[in-house]
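Everything below concerns the one structure shown next.
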Amino acid sequence: MQRLSWGMVGGGEGSQIGPAHRMGAQADGNFSFVAGALDADPDKGCAYAQSLGIAPDRAYGDWREMLEGERGRPDRVDLVTVATPNATHFEITKAFLWAGFNVLCEKPMTMTVEEGEEIVRVAAEVGQTCAVNYCYSAYPMVRHMRAMVASGDLGALRCVVVNFSHGHHAAGDDADNPRVRWRYDPAQAGVSGQLADCGIHALHLATFIAGDEVETLSADFASTVSGRALEDDAMVNFRTTRGTVGRLWSSAIALGRQHGLDIQIFGETGGLRWASEHPGQVYYHPLGGRVQIIEKGEAGISSEAARLSRVPIAHPEGFPLAVANIYVDLAEVIRARKDRRTPAAASLAVPRAEDGLRSMAAVHAAVASAKANGAWMDARPPMFR
Ligand code: NAD
């Protein structure tokens, strides 16, 4: 199959998420990396892009230059990934969508709910795909859990408990560390620290597996390290549209936890448990039965999981391959549009701008709730109420 062409904004040398995108986009031969404006420093960005094999005329110093350069080409990129710091996502994503490009935007998609609604409207108007990199939703066993919930294996869901808590910002004397500082600076991070940075993945994961949306929530925020203007620990209670009880804890000061994303789902007839540190296994407890370990790659695994798995049972497929699965889905969606056919149904699970918007509305509702001593708030974006 012919490769699609792909470009990137951000993700320069030494960035945290850039390598996962480059591995992910190219892992299955779906995309060729042909263009990029990779760095805030134009010279560094051009040099690094060329060192990665980008032709000099497509190694751009700036995203606006890239947009103009690619717009006019007959072989323009099929997909642009936006992997810059949060505050720039809205402007860059919107501009590329308007120019007729498909976009994969990093989370959080925007800083405000209004911007999120604008991205949803623009993507619909131009007819391009705007995806959001909620990559944990693309682990094979997460897709398997989603398939189990959808097929009624757990019965009606009663409760979802999800955590995304680590201890990497626990040092009180870390205030000048550039990787930590921006996350608690409202000018760069927006209204929320840890919830917008990590908790947002947990919130998406819970609703993705449940096939449901957050409707209302109540939050308690704490800045446990003195001097932080934004929360480094957040507890959010929520209710979904179908009445499932949700409990979410996200912390950056949880020493002893490394990556710390895990989820438990309790239904009327069964429960599931999964942790990103052991991504190939799901614990399943059917009511009245014994706890079973379902392994990625075993016989009888759902087609939704099998299509996103490459290596045999007991070989973990970790974070970069979860990102790769986002690109597998996007390649199918983009190719189907080019070929004027309906995309394979499973690929439509890829998170979209609507999901990015819902997360932003929930984050803003949580901030308002925390300021109001945990008062329950409507967590839905106005355009979906
Ligand atoms: P980083 O600071 O490590 O890297 C950011 C990169 O973007 C740098 O190379 C920088 O030079 C470049 N950049 C900044 N402004 C730019 C501009 N205007 N044009 C072009 N390049 C520019 O940040 P990071 O940790 O890689 O995070 C980037 C984004 O990815 C953030 O939004 C973050 O929330 C998100 N992220 C997502 C995940 C995930 O699991 N999906 C994980 C980590 C980070």
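The values are calculated or read from the model by the stated rules, or taken from the named source; none is laboratory data. The shown structure was predicted, so the numbers you read here are calculated from the model rather than taken from an experiment. Neighbour counts run over all protein chains shown; Cβ positions are idealised from the backbone, glycine included. Side chains included, ligands, DNA and RNA excluded: accessible areas come from the protein's heavy atoms. Shrake-Rupley method; radii C 1.70, N 1.55, O 1.52, S 1.80 Å.
Given contacts defined as C-alpha pairs under 8 Å and at least six residues apart, what's the relative contact order of the chain, whole-number percent?
19 percent
Find the Rg to Rh ratio for the chain, where Rh is the Kirkwood radius over alpha-carbon pairs and Rg uses the same atoms.
Over the Cα atoms of the chain, Rg/Rh equals 0.96.
Taking a spot 7 Å from the Cα of Arg337 along the direction of its beta carbon, which residues of the range 351-385 have an amide N less than 15 Å from it?
Flagged as within label range: 351-354.
Report the extension gain between Ala124 and Ala344 in nm, rounded to one decimal, defined as 0.36 nm multiplied by the number of residues separating them, less their alpha carbon distance.
77.2 nm
What FRET efficiency comes out for His259 versus Trp98 if R0 is 25 angstrom and r is the Cβ-Cβ distance? Round to the nearest 0.05.
0.10
With the full set of protein chains in place, find how many percent of the accessible area of the range 219-369 is carbon and sulfur; take the probe as 1.4 Å.
For the range 219-369, the apolar C and S fraction of the accessible surface comes to 54 percent.
On full extension of the chain, what length is gained from Lys44 through Arg242, given 0.36 nm per residue of separation minus the C-alpha to C-alpha distance? It would help to have the intermediate numbers written out before the result.
Working: separation 198, 0.36 × 198 = 71.28 nm, distance 4.97 nm.
Separation in residues times 0.36 nm, less the Cα-Cα distance, equals 66.3 nm.
Could you tell me which residue out of His285, Gly374, Ala362 lies farthest along the dipole of the range 263-374 toward its positive end? Charges go on the beta carbon: Lys and Arg +1, Asp and Glu -1, centred on the Cα centre.
Positive-most Cα among the choices belongs to Ala362.
Accessible area per residue, 1.4 Å probe, Å², for the chain: what's the number?
I get 41 Å² per residue for this part.
Leaving out ligands, DNA and RNA, and with a 1.4 Å probe, what % of the accessible surface on the range 1-104 is carbon or sulfur?
About 51 percent, which is the carbon plus sulfur part of the accessible surface.
Taking R0 as 25 Å, what's the FRET efficiency between Ala275 and Glu114 from their Cβ-Cβ distance, rounded to 0.05?
After rounding to 0.05, the efficiency reads 0.10.
Dividing the convex hull volume of the alpha carbon atoms of the range 18-157 by its residue count, what do you get in Å³ per residue?
Each residue corresponds to 139 Å³ of Cα convex hull volume.
Explain nothing, just compute: Karplus ³J(HN,Hα) = 6.51 cos²θ - 1.76 cosθ + 1.60, θ = phi - 60°, for every residue of the range 285-298 in order, whole Hz, x for Gly and Pro.
Listing the rounded values in order: 10, x, 3, x, x, 9, 5, 10, 9, 8, 9, 3, x, 7 Hz.
Counting residues in the range 220-353 as N, plug N into 2.2 N^0.38 Å and put the Cα Rg over that result.
In units of the 2.2 N^0.38 Å rule of thumb, it is 1.33.
Between the range 101-166 and the range 1-49, how far is it from one alpha carbon centroid to the other, in angstrom?
23 Å
Gain in length, Arg179 to Asp28, computed as 0.36 nm per residue apart minus the alpha-carbon separation, to one decimal in nm?
51.3 nm
Quick check: at a probe of 1.4 Å, how many percent of the accessible area of the range 122-211 sits on carbon and sulfur atoms?
Roughly 50 percent, rounded to a whole number.
With no solvent and one point on each alpha carbon, what is the Debye value of log10 I(q)/I(0) for the range 51-131 at q = 0.20 Å⁻¹?
The calculated log intensity ratios at q = 0.20 Å⁻¹ are -0.88.
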